[in-house]
1. How about the stretch 23-44: which of its residues are under 15 Å from LYS3 (Cβ atoms) and either surrounded by fewer than 16 Cβ atoms within 10 Å (Cβ to Cβ) or basic (Lys, Arg) (or both)?
2. Working carefully through the options ASP101, ASP55, find the one that is out of contact with any Cys (no Cβ under 6 Å at 6 or more places or on another chain), within 15 Å of ILE6 (Cβ to Cβ) and not small (Gly, Ala, Ser).
3. Identify the residue in the stretch 1-31 that is in a helix (DSSP H, G or I) and among the aromatic types (Phe, Trp, Tyr) and, among all such residues, is nearest to ILE80 (Cα to Cα).
4. For THR123, state whether it is at negative phi, loosely packed, with under 14 Cβ neighbours inside 10 Å, β-branched (Val, Ile, Thr) and without any contact (Cβ under 8 Å) to a residue 60 or more places away in the chain.
5. Tell me which residues, restricted to the stretch 74-89, are among the hydroxyl-bearing types (Ser, Thr, Tyr) and assigned to a strand (DSSP E or B).
6. For the stretch 78-89, which residues satisfy the criterion of being without any contact (Cβ under 8 Å) to a residue 40 or more places away in the chain and either surrounded by 14 or more Cβ atoms within 10 Å (Cβ to Cβ) or within 16 Å of ASP10 (Cα to Cα) (or both)?
7. Report every pair of residues separated by at least 6 positions or lying on different chains whose Cβ atoms are under 7 Å apart, first residue within the stretch 33-47 and aliphatic (A, V, I, L, M), second surrounded by 15 or more Cβ atoms within 10 Å (Cβ to Cβ) and in a loop (DSSP other than H, G, I, E, B).
Amino acid sequence: MDKHKIVAVDDTSFICETLAAWLKSSYDIKTFLSGQEALRYLEEHGADLILLDYDMPVMTGYEVLMSIRTSKRIGKIPVIFLTGVTNERMEAEMLERGANDFIRKPLDITTLRERIGKQLAAT
């Protein structure tokens, strides 16, 4: 059986490397350091789930989410935000605008695997 394809987007290479190390045995994971790179890849290749940093330069996680949700090709892919921001109002707003879940940094591998599994099971 093919592995589910996950795209992870974070402007910190350490986070991308950590996510890849944690998830590569169970998932086909591709990492990107910018929203623009990730969107180009997604429009061409798609994915089963997106892990998305909220606070990034040039194109924020919110802007990436809006681009995803307005795309016919990739608009239905579940998005889990990874964030160090602990603003509950912002979290509620992102959920209203189409995010599927939030995981706060520092990341915990058990929580991450549970939330990914939950989203993939729901699709």
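The values are calculated or read from the model by the stated rules, or taken from the named source; none is laboratory data. Small disclaimer: the values here were computed from a predicted structure and weren't measured. Here the Cβ is made from the backbone with ideal geometry for all residues, glycine too, and neighbour counts use every protein chain on show.
1. LYS24, SER25, SER26, ASP28, LYS30
2. When all the criteria are applied, what remains is ASP101.
3. Selected residue: TRP22.
4. no
5. Answer for the stretch 74-89, where residues must be among the hydroxyl-bearing types (Ser, Thr, Tyr) and assigned to a strand (DSSP E or B): just THR83.
6. VAL79, ILE80, PHE81, THR83, GLY84, VAL85
7. Sorted first by the residue in the stretch 33-47, then by its partner, the pairs are LEU33/ASP11; LEU42/ILE74; ALA47/ILE77.
Matching residues to (1) modelled with pLDDT of 95 or more; (2) more than 16 Å from LEU23 (Cα to Cα); (3) part of a strand (DSSP E or B); (4) touching a Pro at 6+ places or on another chain (Cβ under 8 Å):
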site	(1), (2), (3), (4)
ARG40	yes, yes, no, no
LEU52	yes, no, yes, no
TYR62	no, yes, no, no
LYS72	yes, yes, no, no
GLU91	no, yes, no, no
PHE102	no, yes, yes, no
ARG113	yes, no, no, no
